[in-house]
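Please treat every number below as a calculation from the coordinates, not as lab data. Computed from a prediction, not measured in an experiment: that's the story for all the values here. All Cβ positions, even for glycine, are placed from backbone atoms using ideal geometry, and neighbour counts span all protein chains on display.
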Amino acid sequence: MPSLHTDVRRGTGRPGVPAGELTPASTIALRTGREIPVIGLGSWMLTSHTAESVQHAFEIGYVMVDTSADYQTQAGIGKAMRRHDLPRDSLYIVMKVEPEEHGYHATVKNLADLKLAYADLVLIHRAPEKGVGEKLWKQLMQARDDGLTRDIGVCSYKLEKLQALRTPRVSCPRYTSSNGVHSATASTCWATAARNRWCCRPIAR
């Protein structure tokens, strides 16, 4: 899962590790200071034998699992976690909320489906058709502040919407948009170079 505003300096996380040495447990550091695995299990369309598939992923070393309510995999992922009986802090769970949902309430519901107390990362699943999701973002900030998730971010935002989300108009106390995460598809089919450069630029403190 490519992430926005990761700290890729040598000695922070595992940014300089040759590809041959990467494992599902390899991590890179986010600007919040927490780490995110560089490889994870996506659960889209994994509606058959979900718990068994996720449990097998845990057994072979995967620690990050990505889910969303509309994937209909959350109950199975939660079951796999309980079956495998791994310490919660050894896993990295990514959830998504939809642009039309209330961010805080959706986070609570998704956690209930998983039977978890918190997620490691909650993302806005996609940019809303109108606006940048300012209200939704602030709802996720509240969920983070209340301990329901450790980090928050967005998925597949275009460059102009990422830039708009970072404006002072959207910002509010206890928030710096440089600490967000952006989950995006890496593809040669889409022109993402400008967005990637913007995401990786140094952030003034």
- Residue separation between ARG126 and ASP70 times 0.36 nm, minus their alpha-carbon distance, gives in nm 18.9 nm
- Note on the structure: The long-range amide H neighbours of VAL97, using H built 1.01 Å from N in the peptide plane and a cut-off of under 5 Å, are LEU123, ILE124, HIS125
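What full-extension length gain, to one decimal in nm, is calculated for GLU100 and ILE60 as 0.36 nm per residue of separation minus the Cα-Cα distance?
10.8 nm
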- What is the calculated FRET efficiency for LYS138 to ARG88, with r their C-beta to C-beta distance and R₀ = 25 Å, to the nearest 0.05? 0.40
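If R₀ is 35 angstrom, what is the calculated FRET efficiency for the pair ALA25 and VAL108, using the beta carbon separation as r and rounding to 0.05?
Efficiency for this residue pair is about 0.75.
Using a Förster radius of 35 Å, what is the FRET efficiency between SER48 and GLU160 based on their Cβ-Cβ separation? Nearest 0.05, please.
0.35
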